[in-house]
Amino acid sequence: MNKTMPSGIRHALCALLAGTVQVGAAVPDDLPVQARQRFGESGARAAAFLLAHMPAGDRAQLSADFIHAHLGLALAARAEFPWAAAVPEPLFHNDVVSYAVFDEPRETWRADFLARSRPLVADCRTATEAVQALNRALFKDLGVHYHTGRRAPNQSASESLALGKASCSGLSILLVYACRAIGIPARAVGTPLWANGSGNHTWVEVWDGGWHFTGADEYDPDGLDRGWFVDEAARARADLPEHAIYATSWGRTGTTFPLVWAPTSTQVNAEPVTARYARATPLLDGQANLGLRLSNAEGERLLARIRVLDAAGVIRGEVATRAGTSDLNDVPRLVLPAGTSGLLRLTHRGVLRELPFGPLTVGDSVLDLAWEACRPVFPTVVADLSDDDVLAPLIAWLATPAAGRKREAAALATPLGRSAAERARGLLASDRLRTLAERSQEALRSRSLTHTGKTMRWLESTFGTAPPTGASLWISLHGGGGAPAEVNDQQWRNQARLYEPKEGIYLAPRAPTDTWNLWHEEHIDHLLAALIDSYVAARGVDPDRVYLMGYSAGGDGVWQLAPRMADRFAAAAMMAGHPNEASLLGLRNLPFAIFMGGMDAAYERNRIASERAAELGRLRVADPNGYEHLVRIYPGLGHWMDRRDAEALPWMAKHGRRTWPKRVVWLQDDVLHQRLYWLSWADAGSARVGQKLIATVDKQQIAIDCAGGLPGALRLHLGDDLVDLDQPVVVQVNGMEVWRGVVPRTAGALVDELDARPDVRAAACAVLTLAKP
């Protein structure tokens, strides 16, 4: 980028940054003459344009210095950023130099937005890339997101920053400012009322050889010209002004932008742009377009999966509601026949509720649902109601206070069919997770957990909007070790800022000790397991989307922890760490990434990483359904990889946990574990360092290979995701058949599973114990 600028422009910039520019006085008639003296002919032409189309109120209240400050910074951006030089001058005047979008309070915002935006677009080559970079990161930097509690829809930038809240119009103002600050033509676009009457909306258009649109604070990695509002905008009506779409303009166009907060105002000029969006066909006669929006008693919007059943119980569709920073009018829709009535079945954070609806009327409508008004339903898994009689004793058992529940109750031993077992899982899981969530509140509030006298604290950040299945969880281990506490504290704080997943809860734990092996020791396994369980129960985390990563000494920890806790993670990534004695065999079902600088020679990390990468390749060839991996060894880079290793996150996010793998390779580390996936030792003394066990499922056949025979009783935790429990199962140990028969599903098995580990997806409904021969 060109860093030079004319001296007059530099003078205006310095004045603004020094705080000497004032709003007040009046804009003089000779503004273009003054601009020519400061900025040359281009400045004079821009000033003349601003003056010619300036609202009367601005003309009376603003000052020449105010205009010159904006003008100087706009001209500086034209000289600095490569995309700005190609903007036609009329467009540059109208959509870059102009200092306001709507009738928002006037401020000298440009220097602040330039300073914030410049580093975000430093690597961008086009205006489109720059806009995407801004929309992805700017609003996090500003700390401002959509919220109906904002003061006014047309807040100034400083008002929105102070509140941390803005309307869609307020967010659009911020993105337009940021774009204009770096020389990209930008304008707000909106409609006073959608054609279906569901509300209004404002978004942003930017110019890159032509106009393109995007939602403010609604980054889409697939690019511009996308958004939740596309279908609504496609039905706009140019012949009906209240349903048309308008783009803001500084220059007078003969059309006024309809301000929903000031219906009689004619201050803001507009360009009609309905034709760019309207293209959909109307609903067919007799159809209803149903929108669904879910909130709690406090008015907070909730994420939920909603299944729509008609009066006959037929599923007519399924949608996911919006929440978080989503616009109020961003609602999922289903097209159904008018007159349809039935039942809405909502799943929110693993809890199932129902609400009748209908009959629907022709046209568009939005149902505002209150979670508290929906009736609770058990189980959380929809199944045949014919199982109600079978489950009635279990429901009664659960209705008993926990202290009075008898483990030998007949309700827990009764064999269950597949659908009844799934319903029992939902009932028991809801009960167990509710209890654990209550117990976890203090740990999550204080962000600390303790095991055997060792306390682990953590820092937390949240990114994106969680899907209805629950947020992902990212556990990121810091480096350091073998150093004073203040050094490890600094490493911890750095780790908390190092990575940003597109979606999920990002946790950076602080190691309980400051030793060199700070992530190797046995207490870490217990603490991480408790951390995952707490977030699953209390924060609705998806247990199938938990990810582990770590840098330097944290990478050492990933080498150790990933194989021995492989059944808790969806993927793991090791950055710049040393494996020490850790084996790769346990990674059979855990996608694993290795990131290393090619020059990171301390402790021979680079050489060993290459060797381990080759070993993973050989394991993959020998077992094509296992040992999925990604390796990046960056030539010329040392221990610090210039954040290149951040490419791990999108690769990891593509993977969900292999909860019920058909093949398990279990090699005991020096930190012993009693369970891995669907295998466990009944007695603590059965697990031994270096012990290797391989279990393979082929249809109804389970083969166990363990050199020297089983050292103790081995439990097989079975579910219908692994074998068909309605059919006989055959088990062999070292080639000899040791069991054949049907393993019954029982609620008792689920109780034991969930008591031992509140991992709903991995909870087995049948358990077979193979006695030591």
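Values computed for the structure shown
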read-out: Extreme residue, farthest from L73 (Cα to Cα), among residues of the range 92-116 that are open to solvent by less than 10 Å² (accessible area, probe 1.4 Å) and of a type in the set (D, E); value: E104
read-out: Close pairs from the range 103-129: first within 30 Å of T264 (Cα to Cα), partner β-branched (V, I, T), Cβ under 7 Å, at least 6 apart; value: D103/V268; E104/I173; R106/V23; T108/V21
read-out: Members of the range 314-354 that are farther than 23 Å from E372 by Cβ and in a strand (DSSP E or B); value: I315, R316, G317, R333, L334, V335, L336, P337
read-out: Every residue from the range 499-533 that is open to solvent by less than 10 Å² (accessible area, probe 1.4 Å), on the phi < 0 side of the Ramachandran plot and under 22 Å from the mean Cα position of the chain (by Cα); value: Y499, P501, I505, Y506, L507, A508, P509, L528, L531, I532
read-out: Test set (1) under 29 Å from E218 (Cα atoms); (2) touching a Gly at 6+ places or on another chain (Cβ under 7 Å) - A85 fails condition number; value: (2)
read-out: Odd one out for L385 among (1) out of contact with any Leu (no Cβ under 7 Å at 6 or more places or on another chain); (2) at pLDDT below 90; (3) surrounded by 12 or more Cβ atoms within 10 Å (Cβ to Cβ); value: (3)
read-out: Among the residues listed as P28, P119, P82, the single one being open to solvent by 10 Å² or more (accessible area, probe 1.4 Å) and either among the basic types (K, R) or assigned to a helix (DSSP H, G or I) (or both); value: P119
read-out: Meets criteria (touching a strand residue (DSSP E or B) at 6+ places or on another chain (Cβ under 8 Å) and within 30 Å of A137 (Cβ to Cβ)) for Y246; value: yes
read-out: Count of residues meeting criterion [in contact with a Lys or Arg (Cβ under 8 Å, 6 or more places away or on another chain), modelled with pLDDT under 85 and open to solvent by less than 20 Å² (accessible area, probe 1.4 Å)] in the range 251-289; value: 1
read-out: Any hit, the range 551-571, residues being in a loop (DSSP other than H, G, I, E, B), open to solvent by less than 10 Å² (accessible area, probe 1.4 Å) and in contact with a His (Cβ under 6 Å, 6 or more places away or on another chain); value: yes
read-out: Residues located in the range 115-135, provided they are acidic (D, E) and closer than 19 Å to E218 by Cβ; value: E129
read-out: R545 vs. criteria touching a Gly at 6+ places or on another chain (Cβ under 7 Å) and at pLDDT 95 or above; value: yes
read-out: Residue in the range 272-288 that is closer than 30 Å to D58 by Cα and either part of a loop (DSSP other than H, G, I, E, B) or touching a residue at least 40 places away in the same chain (Cβ under 8 Å) (or both) present; value: yes
read-out: Test: E422 is charged (D, E, K, R) and assigned to a strand (DSSP E or B); value: no
read-out: Residues being over 21 Å from L428 (Cα atoms), open to solvent by less than 10 Å² (accessible area, probe 1.4 Å), without any contact (Cβ under 8 Å) to a residue 60 or more places away in the chain and among the aliphatic types (A, V, I, L, M) - total across the range 698-729; value: 4
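The values are calculated or read from the model by the stated rules, or taken from the named source; none is laboratory data. Everything quoted here is computed from the prediction, not taken from an experiment. Note that each Cβ is placed from the backbone with ideal geometry, even for glycine, and that neighbours are counted across all protein chains shown. Surface areas here come from the heavy atoms of the whole protein model, side chains and all, with no ligands, DNA or RNA. Shrake-Rupley method; radii C 1.70, N 1.55, O 1.52, S 1.80 Å.
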